[in-house]
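Read-outs throughout are calculated quantities, based only on the coordinates presented, and are distinct from any laboratory measurement. As the structure is a computational prediction, the values presented were derived from the model and not from experiment. So basically every Cβ, Gly included, is an ideal-geometry build from the backbone, and we count neighbours across all protein chains shown.
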Amino acid sequence: MNETRVQRRLSAVLVADIVGYSLMVGADEKGTVQAVKNFWANVLTPLVAEHAGRIIKFMGDGVLIEFQSAVDAVECALRVQDFLSHVNETDSGDHCITLRIGINLGDLIIDGDDIFGEGVNVAARLESLARIGELCIAANVYDAVRGKLEFGAEDLGPVQLKNISEPVRIFRVFRGGARLHTGMKAKPEEVVLSIAVLPFDNMSAVPEHGYIGDGIAENIITDLSRFRDISVIARNSSFAYKGKATRVQDIRRDLGVNYVLEGSIQKTADRIRITAQLIEGVTGKHLWAERYDRQVDDIFGVMDEITQTIVGTLATTYGGRLRKSASERSSDAGPTSFTAFDHFVQGMQEVNKFTEDSISASINHFKLAIQLNPRYAKAHAKLAWAYLMRLFFGWTDDEADTLKKSQDAANRAIWADESEAWAHWAIAGCALLELKHDLTISRMLRAVELNPNDADILTDMAAFCSYAGRADEGIVYALKGMRINPHYPEYYADQLGQIYFDARQYEDAIRTFQGIRSLKTPSMLVYLAASYAALGQGDEALKVTTELLSLEPQSTAAYWAGRTPYKLDTDRDHLATNLCRAGLPH
C-alpha cells in the first residue's frame, strides 16, 4: 500500500496575540472589533507582505504567520511593535492595541494552506512569555539574525515550555538597547523617551525677530529627530502652543511626551542671547537650564551645543549612547553664518505659503543662503522642492528646465550631506515626476531611515507609495505621520484622502476630506468628486465638480488622470473613470 508522504518545510513562524482583548471587547465590543480589523488590514497585512511573509490565519485576537526568513520575521515583528509604540504614545483611548509576539524557526507540517507541528507550538509558547510590546525568539532565530538587525536582547536561558519535550533557549528582544549580543542583560523596564521642542520666545525689541526663535527650535527638532532612541514631536504640533500660557503638564498630556524643551532669544545689532531649559513633563521639574551669550555669527555653535547637551541629558538613560552619535555630526554640513540661516528661515516661511509669488521668493532666499554657504544641505534640498512645487502647480513655462534645476539642487544636497534626510526626500520627488517609482520609494525609505520622526517625510512617503500602486502601505505611513504630529497641517488630510481613494476606501476618503476646514485645493476637489462618484452619489459628485470647474475651468478627466504620477494604468483609469462619472468632461 502506498502511503501519502507528509509534506514538511523549515520556516520561521510568528504568533502574535492582542493583550487585554477580552477587556477591550467588554468595554466596547463594536469599537474594539473595528479597531482590530483596521489594524489587521491596514498595518499588519501590508508589513507582512513587504517582508515576504504569509498570513496563515487570524484567530480573533491572534494571528499565525509564516516567513521564509528568520530575518524577515524579526524585522517585520519589530516594525509592527514600533508602529504600535508610536501610535499608543499619543493615544490613550480605549482602542489602543498592544501585542505580544513569539517567533520560532522550526520544521512544519503542511496541510493545504495551514501549518502544524512543534514549530508552531513553540512559537505559541514563546508568545505567551513575551512582555507587552516586545517579542520572544528561540535561540535558532537569534543565531540567524545576530549581527543583521539592530535591537537589544536579554538571554533568558533554557526554559521548559508546556507540552514541549526539551527545554528551549529563549531571548527577549526589544528596541532601545545595544546591538543584539549574546549575554546582554537588559534592564527590567525600557523607557521610551519623547520630547516636544517649543518655539523659542522672542524677547527682542523687534517683533519681526520672532522667526529666529522658530528657526532655532526647528533645527533642534531636526537634529534630535536623527536619533532613533527618542521620539520628537513634529514642528506643527509643538508650535501650536506658540504665544499661549500653557502648563508643561498639559503639553505632556496633549502630546504624550516625557520632556519639554522651551527657551527664548534676545537679539541686538551684533549679539544674541539664547536661553534653554529642559522640563520633566510629569512633575514640571526643571532638569537643566543654560544661557548663552554670543556674537551673532556664532549662533550655530550655540545651537549645536544646546542640541548636544539636551541629547546627552536624555541619553544617560541608555548609557550615554547618543552623546557619541552627536559628537560625530558633520561640522561643515550646516549653516556657517547668521545671514545664511536668516535667508533659509525666511525661505521656509515663503515656501509654506503655497502661492506662485511666495515660491519665487523662497527660491531667492534659498539661493542666497547657498551662496553664503555652499555646503548648506537643507537649503539645497528645499531649493529642489521649491522647483518641484512649481512643476506640481504648473507655475513654469519650461518644465524640462525646471526639473533639471530641481535635480541639480537635490544632487548638491546629497553632496553637501549624504545623511540629510531632506536631500533624499528631494531626490525622491524628482524621481517621482520622471515616473521612476522604484527609485522614488528607495530614496524615501532612506529618508525615513535617516529621520524616522519627521512627520512631513512620512506623509509624502505615504503619497509616493500610493502613486506606486501601494496605497494600503501608504495609509500606514500617513496615519503614523498624523500620530507623530497630532497638530498636523491640513494638507496631511488632503493627501490621506487621496490615498484612501486609491485604496478604493471611498467612504474613508470622503470622511477625511470633509474634516478639512480651511484648505481647499483643486486636487482635493478632484478626489472628493471621484469618491462620491465611485459610491454612486451622483448629486454630491456633481456639486463638487461644479466647484472644481469654477476654480479650474479647463479641468478634464484626462487632464487630471494624465498629470497624476501613477505607476499603474489601472489607478490612472480608476481616477479618470470616476471623474467622468462625476460629470467632468473627458
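Choose one of 239, 513, 167: the residue whose Cα lies farthest towards the positive end of the charge dipole of the chain (beta-carbon charges +1 Lys, Arg; -1 Asp, Glu; about the Cα centre). Sorting the options by dipole projection puts first 167.
Taking the Cα atoms of the chain, the ratio Rg/Rh between the radius of gyration and the Kirkwood radius comes to 0.99.
So what is the diffusion coefficient of the stretch 450-519 in µm² per second by Stokes-Einstein at 25 °C and 0.890 mPa s, using a Kirkwood Rh over Cα pairs? Translational D for this selection: 210 µm²/s.
Straight-line reach from residue 543: taking Cα to Cα under 25 Å and skipping same-chain neighbours fewer than 8 places apart, the lysines in range are 520.
Between their Cα atoms, which of 244/378; 244/405; 267/404; 267/405 are more than 32 Å away from each other? Working shown, then result.
On the way: 244/378 30 Å; 244/405 41 Å; 267/404 39 Å; 267/405 36 Å.
From the list (244/378; 244/405; 267/404; 267/405), the Cα-Cα distance tops 32 Å for 244/405; 267/404; 267/405.
Mind sorting 461, 348, 203 by how few other Cβ atoms lie within 10 Å of their own Cβ, fewest first?
203, 348, 461
For the stretch 359-420, a Kirkwood radius taken over Cα pairs fed into Stokes-Einstein (10 °C, viscosity 1.306 mPa s) yields D = 139 µm²/s. You can think of it this way: the chain between residue 79 and residue 293 has 72.7 nm of extra reach, that is 0.36 nm per residue less the Cα-Cα gap.
The peptide list 38-48, 409-419, put in order of mean Cβ contacts within 10 Å with the highest first, becomes 409-419, 38-48.
Go ahead and run the numbers for FRET between residue 504 and residue 55, Cβ-Cβ distance against an R0 of 22 Å, rounding to 0.05.
On the way: r = 20 Å, r/R0 = 0.92.
The computed FRET efficiency comes out at 0.65.
Please express the shape of the stretch 18-69 as an equivalent ellipsoid: the semi-axes are the square roots of 5 times the eigenvalues of the C-alpha gyration tensor, given largest first in whole angstrom. Could you put the intermediate results ahead of the total?
Values: eigenvalues 119, 25, 10 Å².
Values for the stretch 18-69, descending: 24, 11, 7 Å.
From the convex hull of the Cα coordinates of the stretch 489-586, what is the mean projected area in square nanometres? Present the calculation step by step, with values, prior to reporting the outcome.
On the way: hull surface 22.0 nm².
Quarter of the Cα hull surface area: 5.5 nm².
The DSSP beta bridges internal to the chain are antiparallel in roughly 85% of cases. For the cross-link pairs 37/480; 353/480; 353/436, the ones whose C-alpha atoms lie over 21 Å apart are 353/480; 353/436. On full extension, the segment bounded by residue 242 and residue 159 gains 24.5 nm, given 0.36 nm per residue less the C-alpha separation.
When the alpha carbon gyration tensor of the stretch 334-490 is reduced to an equivalent ellipsoid, the three semi-axes, largest first, read 24, 18, 16 Å. Computed from the C-beta positions of residue 283 and residue 131, the FRET efficiency with R₀ = 35 Å rounds to 0.85. Each Lys and Arg adds +1 at its Cβ and each Asp and Glu adds -1 at its Cβ; summed about the Cα centre, the chain shows a dipole of about 800 debye. Taking the number of Cβ atoms within 10 Å of each Cβ as an exposure proxy, the fewest-first ranking of 547, 75, 208 is 208, 547, 75.
A simple count of charges around residue 241, restricted to other residues whose Cβ falls under 12 Å of its Cβ and scoring Lys, Arg +1 and Asp, Glu -1, yields +1. Between residue 205 and residue 395, the C-beta separation translates, for a Förster distance of 35 Å, into a calculated FRET efficiency of about 0.40.
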